[in-house]
Each structure stands twice: as C-alpha cells, then as structure tokens.
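Everything on this sheet refers to the single structure shown next.
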Amino acid sequence: MRLFHLTTRAAWDAAIAAGDYRSDDPFIHLSLDRQWPIVRERFYATTRELVLLVIDATRLTSEVRFEAADGDEFPHLYGPLDLDAVVEVRSL
C-alpha cells in the first residue's frame, strides 16, 4: 500500500540530515492517494517548495492507524517515518 505525506523541502532535507522524519504532533498525518490533493488545497495552498512523500507502508516500523477526520478515515503514523520507506519524493 502506498501512503502520502505533504511537507516542505526544508523539512524533508532536515529529516534526511537527522536520519528520520518526526512530527511535533502525536502522529504524522498521512493520506491515501485520493486524499492528498484535498489536504494540499486545504492546508498547503500557499506553501512554497512543497514536496509529496510517497511511502511504501510495508517498510514502516511505526504503527499506522486509520482514524476519522473531516468525514473520512485518514492514516496516521504513530512514531517516526523511516527514510527508507519513502520511495519517491515529488516536487509540487
């Protein structure tokens, strides 16, 4: 299964330097393929240097939970995002 995460280029570059990607929130917000464009429009419409991380869920070592938000079920990653789980980084 592929999951997606929107972030800035600077945050992604910092994660690479640190060795993993973390969030200040209790979990990392993820999306399914059909959800990330909606998230982008709602929360990142004016964000510059945005990247979309394409994640292979089978490579994650932290727990993924699908939880209700905004009338849908979104995947949330409870723990750091393993860098080797990111199989593609798309500039948006």
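Each reported figure results from applying straightforward, stated rules to the coordinates on display, with no laboratory input. Predicted, not measured: the structure shown is a model, and the values here were computed from it. A quick note on method: Cβ atoms are made from the backbone with ideal geometry, for glycine too, and the neighbour counts reach across all protein chains shown.
Each residue in Tyr78, Tyr21, Tyr44 was given a count of other beta-carbon atoms within 10 angstrom of its own, and listing them fewest first yields Tyr78, Tyr44, Tyr21.
Principal semi-axes of the equivalent ellipsoid, √(5λ) from the alpha carbon gyration tensor of the chain, are 18, 17, 12 Å from largest down. Of the trypsin sites (Lys or Arg not before Pro) found in region 23-79, those in coil by DSSP whose Cβ has at most 10 other Cβ atoms within 10 Å are Arg34, Arg48. For the chain, the relative contact order is 39 percent, taking Cα pairs closer than 8 Å that sit 6 or more residues apart in sequence and dividing their mean separation by the residue count. Considering only Asp24, Asp13, Asp56, the Gaussian network model of the chain with Cα springs below 10 Å gives its largest mean-square fluctuation to Asp24. Compute the signed sum of charges (Lys and Arg +1, Asp and Glu -1) over the other residues within less than 13 Å, Cβ to Cβ, of Leu77. In short, -3.
Only one residue of Ile16, Ala68, Thr47 has its Cα farthest out toward the positive end of the dipole of region 15-92, where Lys and Arg carry +1 and Asp and Glu -1 on Cβ, and that residue is Thr47. Sorting Ser31, Ser91 from the fewest to the most surrounding beta carbons within 10 angstrom yields Ser91, Ser31. GNM on the chain, alpha-carbon springs under 10 angstrom: the most fluctuating residue among Phe43, Phe74, Phe27 is Phe43.
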